[in-house]
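Comments concern the structure below.
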Amino acid sequence: MKHLTLIALLLLLLTTSTFANLLANSGFEDPITSDGPPFVGSWEGFNGGAGSSSGNSTLMPRSGLQSLGLSILNTDNTFAGAFQDVSGLVSGTEYTFGGWHATPSSPLDLTVEVRIEWRDSVSNSEISRTPNSTPVPSALYSPFSLTATVPAGADTARLVYAIQTFTGGPSNNGIVYVDDMSFAVVPEPSTIALLGVGGLALVARRRQRA
């Protein structure tokens, strides 16, 4: 049991302090905005007008008191979502954008889109973007993630989670809740190995003392 506790502490170090979540308001406990830039340090909600919405919700949080609630109600060719910019990135570095989502809608007749838009903060322009990932939420919260490398010329990531009905049908209807989002650097294999060796050394030391 003591050995398992040491390993658990090592994993906690790996996932929290060493490779910190760079997103603000990752659990949507604070209100999202819809008032334009700046987009660093807060979530900006967006939607396609009547029949679609994006905002904080208390109905189905995974943790805390709130989540992000996105809905499209029987409306064709519309969208809703939220995004946040993270600046100060270095080209060539790999990051993972992820979180948890769920839906009470059965069937869920819309498409989820998750992407990273790489931007240059100096020119305020987009350099490139990842292809859309299209994870499908279930009735219970399930994880999703997207890993990509910062391209040359980019220093900012615009992290987007959206739903849309451009490719749906026939009802184009549904609600999705999103919570506990994260954006963090992917550890180098050598770093993981070093932490693993450290963990094994701790276990060996405990055995010698037992």
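The values are calculated or read from the model by the stated rules, or taken from the named source; none is laboratory data. On a predicted model such as this, the values are computed, not experimentally measured, just so you know. Positions of Cβ are backbone-derived with ideal geometry, glycine not excepted, and every protein chain shown enters the neighbour counts.
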Unmet criterion (only one of (1) closer than 13 Å to S182 by Cα; (2) touching a Gly at 6+ places or on another chain (Cβ under 9 Å)) for G81:
(1)
With the structure loaded, tell me whether S91 is farther than 14 Å from S26 by Cα and touching a strand residue (DSSP E or B) at 6+ places or on another chain (Cβ under 6 Å) or whether it fails that test.
no
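Taking S71 as the residue in question, decide whether it is in contact with a Phe, Trp or Tyr (Cβ under 9 Å, 6 or more places away or on another chain) and outside any loop (DSSP other than H, G, I, E, B).
Considered against the rule, which asks whether it is in contact with a Phe, Trp or Tyr (Cβ under 9 Å, 6 or more places away or on another chain) and outside any loop (DSSP other than H, G, I, E, B), S71 comes out as no.
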Within segment 13-28, identify whether any single residue is at pLDDT below 95, under 18 Å from P143 (Cβ atoms) and assigned to a loop (DSSP other than H, G, I, E, B), and answer yes or no.
yes
Which listed residue, of T103, T165, T111, is more than 29 Å from A20 (Cβ to Cβ), over 20 Å from the mean Cα position of the chain (by Cα) and polar (S, T, N, Q):
T165
Report yes if some residue within segment 186-195 is modelled with pLDDT under 95, surrounded by fewer than 12 Cβ atoms within 10 Å (Cβ to Cβ) and either in contact with a helix residue (DSSP H, G or I) (Cβ under 7 Å, 6 or more places away or on another chain) or part of a loop (DSSP other than H, G, I, E, B) (or both); otherwise report no.
yes
Scan segment 134-161 residue by residue and report those that are surrounded by fewer than 17 Cβ atoms within 10 Å (Cβ to Cβ) and among the small types (G, A, S).
S138, A139, S142, S145, A152, G153
Which condition from (1) assigned to a loop (DSSP other than H, G, I, E, B); (2) modelled with pLDDT of 95 or more; (3) in contact with a strand residue (DSSP E or B) (Cβ under 8 Å, 6 or more places away or on another chain) is the one that N77 breaks?
(3)
Any chance P38 is loosely packed, with under 14 Cβ neighbours inside 10 Å and in contact with a Gly (Cβ under 9 Å, 6 or more places away or on another chain)
no
Restricting to segment 112-128, name every residue that is surrounded by 14 or more Cβ atoms within 10 Å (Cβ to Cβ) and assigned to a loop (DSSP other than H, G, I, E, B).
S121
Picked from segment 136-166 (must be of a type outside the set (V, I, T), under 21 Å from G48 (Cβ atoms) and part of a loop (DSSP other than H, G, I, E, B)), the residue modelled with the lowest pLDDT is F166
Among the residues of segment 100-120, are any in contact (Cβ under 8 Å) with a residue 60 or more places away in the chain, within 23 Å of G41 (Cβ to Cβ) and out of contact with any helix residue (DSSP H, G or I) (no Cβ under 6 Å at 6 or more places or on another chain)?
yes
